[in-house]
Amino acid sequence: MGILDNKTAIVTGASRGIGEYIARRFASEGAAVAVAARTVEQRDQRFPGTIHGTVETIRKTGGVAIAVPTDLSRSEDRQRLIETVTDELGPVDILVNNAAVTYFQPVLDFPRARFDLMFEVQVRAPFELSQLVLPGMKERGGGWILNISSGAARHPQMPPTGPGAGRGGTVYGMVKAAMERFSTGLASEVYADGIAVNALSPSRGVMTPGVVYHFGVTDPAARVAEGTAEAPEVMAEAALALCSGDPGQLTGRVTYSQALLDELGRTPGPLDPA
Ligand code: NAP
């Protein structure tokens, strides 16, 4: 018996990184998981992982998952994602908006196309996917929406110091701040419907393909071993807690993975069914 038995979950950006771990953890608890992202075939060695790879890993251990090729910057793909999942797995109980496209560039040089793409994938897509799943959740009397944010949503310290100073993370911080405000606002709108909406960020950097690429990390495993990076299982467990908790109690949070696990007295569970 898993705590997500008979639940249907969508995890966006689950072709690799944190999304892949969340998808596997949910499946290990019995959820039927839709793995949504663009990569169906690996072409770029810097970004290992495909939606089919994640699905295969889940199915090998007896879990239920489907791959849904989705470009979240396209409204028609978002619509199709919800239709496909509803047809193939049933109504959506859990939506995890995890996908992100990120460019680190100073405001002065930031191209409009990149600005638009970041807001489309990280703000409009979570907003629109929520609009698409909310009617069903309301009808069935509950559900869980989780938006994956970042510490970048917080304001920089003045005067700017440390490794992040001047790194061009302003637009990334803007989209995540918007996502957090969306989460708390929606949480209050649907509280009475029994639908939990939360925002979750890693407590420390997670050595995913995206982070390794953007930060030029050469020794990701060593970072985890020395404790300067967070294992992806921590985010997966925190996501599970927020997508299985009592919507009357655990909602409207803007929280951090390890802090949440400490508060709830939890440690990361298995990625494969017991
Ligand atoms: P990642 O390794 O870069 O993976 C990003 C995921 O987003 C991939 O699965 C990618 O899949 C998907 N994606 C990007 N553009 C997409 C699009 N247009 N349509 C559909 N999917 C798209 O990132 P990560 O490090 O795992 O980060 C996951 C989440 O955690 C993000 O929201 C990120 O901001 C947040 N976060 C991460 C860290 C960290 O330390 N890793 C820290 C703070 C916050 P395809 O390329 O296959 O489409």
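What the table shows:
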quantity: Test: residue in the stretch 198-220 that is within 28 Å of PRO273 (Cα to Cα) and more than 16 Å from the ligand (Cβ to nearest atom); calculated: no
quantity: Out of ARG43, ARG59, ARG74, ARG80, sole residue that is without any contact (Cβ under 8 Å) to a residue 24 or more places away in the chain, away from the ligand (no atom under 14 Å from the Cβ) and surrounded by fewer than 24 Cβ atoms within 10 Å (Cβ to Cβ); calculated: ARG59
quantity: Any hit, the stretch 222-230, residues being of a type in the set (A, V, I, L, M, F, W, C) and closer than 30 Å to GLY141 by Cβ; calculated: no
quantity: Top-ranked residue of the stretch 1-31 - restricted to ones that are basic (Lys, Arg) and part of a loop (DSSP other than H, G, I, E, B), ranked as farthest from the ligand (Cβ to nearest atom); calculated: LYS7
quantity: Residues (more than 20 Å from the chain's Cα centre (by Cα) and surrounded by 19 or more Cβ atoms within 10 Å (Cβ to Cβ)) located in the stretch 221-241; calculated: ARG223
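Every residue, every condition in (1) buried (at least 21 other Cβ atoms within 10 Å of the Cβ); (2) without any contact (Cβ under 8 Å) to a residue 24 or more places away in the chain, yes or no:
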{"site": "ARG154", "(1), (2)": "no, yes"}
{"site": "MET158", "(1), (2)": "no, yes"}
{"site": "ALA165", "(1), (2)": "no, yes"}
{"site": "LYS176", "(1), (2)": "yes, no"}
{"site": "LEU186", "(1), (2)": "yes, no"}
{"site": "GLY194", "(1), (2)": "no, no"}
{"site": "VAL197", "(1), (2)": "yes, no"}
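None of the figures in this text is laboratory data; all of them are computed from the coordinates on show. Bear in mind the structure is a predicted one, so any value in this text is a computation, not a measurement. So basically every Cβ, Gly included, is an ideal-geometry build from the backbone, and we count neighbours across all protein chains shown.
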